[in-house]
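Encoded as structure tokens, the structure appears first; notes follow it.
The values are calculated or read from the model by the stated rules, or taken from the named source; none is laboratory data. This one's a predicted model, so the numbers in the text were calculated from it and none came from an experiment. With ideal geometry, Cβ positions are generated from the backbone for all residues, glycine too; neighbour counts draw on all protein chains shown. For accessibility, only protein heavy atoms count, side chains too; no ligands or nucleic acids. Shrake-Rupley method; radii C 1.70, N 1.55, O 1.52, S 1.80 Å.
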Amino acid sequence: MTKSELIDAMAARSELTKARAELVVNCVFDTMTDALERGEGIEIRGFGSFTVRPYKPYSGRNPRTGAPVEVPAKRLPFFKVGKELRELVNNSRHLAITGGDDEDDDDDGKEPAED
Amino acid sequence: MTKAEIVQALYARVGGFSKKESADLVDLVFEMMKETLGRGEKIKISGFGNFVLRDKRQRPGRNPQTGDPIKISERRVLTFKASQVLKQALNPRSATPPHSGAASNGGSVSTSSTGGAGSAATSSPSLAAAASTKA
């Protein structure tokens, strides 16, 4: 499911037009992004929580060329799945995983190996 | 931040919804995401990140308290992979912007990031700009 499919599903489930549903979905993720930018965690009961984790600078290597690179200190968002959703997901094991390829389109893979 | 604050933001930023409607809509967003993940479908929110499902095989583990060997059963897990746009929003200066538009925005965010309210106010337009260069 992509964001636009989520918007379509929202519109279908509620009384909203797609335009209004888009405003709602965008507002939710913009608000969450703003909180993370401030370094603030987000807790959604039954879903999970997002925290911002600081990472120290380290010297790594470009996995493709082996050239050394200095990775500066950074902050990364971290998601911890909530109990209810964790169980929901685990209980879907008998179903195939769907929703497109594993490699996402948003990422350009420029970031050196991490996590 | 809790769901109540997201509801408040929706009520304040998007006109035409009562508080009750705002609360129901925010609930609906997370409910639909839960339903989707609960039927084995991953979710990609461009500009935010991907909620990815992975099947893990059974593997040996240890009780961290006692050191006793235990069996970790096979399971399906959910992981979140933040988008480059979100990572850059959290790291305005150190990020290497792919396009010049994002670069100028990154600069404006970093200067205002010391003032809490200021950074919150400027973050949305800069994100929108960054997202549009990605799209």
- Message: Filter the range B:48-75 down to the residues that are at the interface with another protein chain (Cβ under 7 Å from one of its Cβ atoms) and in a loop (DSSP other than H, G, I, E, B) and list them by number.
- Response: B:48
- Kindly establish whether residue B:40 is out of contact with any His (no Cβ under 6 Å at 6 or more places or on another chain) and more than 19 Å from residue A:97 (Cβ to Cβ). no
- Message: For the range A:8-37: of the residues being within 7 Å of chain B (Cβ to nearest Cβ) and of a type in the set (Asp, Glu), which is nearest to residue B:13 (Cα to Cα)?
- Response: A:30
- Restricting the range B:25-77 to residues that are surrounded by fewer than 13 Cβ atoms within 10 Å (Cβ to Cβ) and among the small types (Gly, Ala, Ser), the residue that is farthest from residue B:11 (Cα to Cα): B:67
- Task: Sort out which residues of the range A:17-54 are open to solvent by 30 Å² or more (accessible area, probe 1.4 Å) and over 15 Å from the mean Cα position of the chain (by Cα), and write them in order of number.
- Result: A:17, A:18, A:19, A:20, A:22, A:23, A:38, A:39, A:40, A:45, A:54
- Query: Within the set of pairs 6+ apart or on separate chains, which have a first residue in the range A:64-93 that is closer than 13 Å to residue B:87 by Cβ, a second that is of a type in the set (Val, Ile, Thr) and surrounded by 17 or more Cβ atoms within 10 Å (Cβ to Cβ), and C-beta atoms under 7 Å apart?
  - Reply: A:75/A:52; A:77/A:52
- Item | Failed item, numbered, when residue B:85 is tested on (1) surrounded by 21 or more Cβ atoms within 10 Å (Cβ to Cβ); (2) part of a loop (DSSP other than H, G, I, E, B); (3) not acidic (Asp, Glu) | (2)
- Item | Selection from the range B:25-41 of residues that are in contact (Cβ under 8 Å) with a residue 24 or more places away in the chain and part of a helix (DSSP H, G or I) | B:27, B:30, B:37
- Message: Tally up the residues in the range A:61-97 that are open to solvent by less than 20 Å² (accessible area, probe 1.4 Å) and small (Gly, Ala, Ser), please.
- Response: 2
- Item | Out of B:10, B:78, sole residue that is of a type in the set (A, V, I, L, M, F, W, C), at pLDDT 95 or above and touching a Ser or Thr at 6+ places or on another chain (Cβ under 6 Å) | B:10
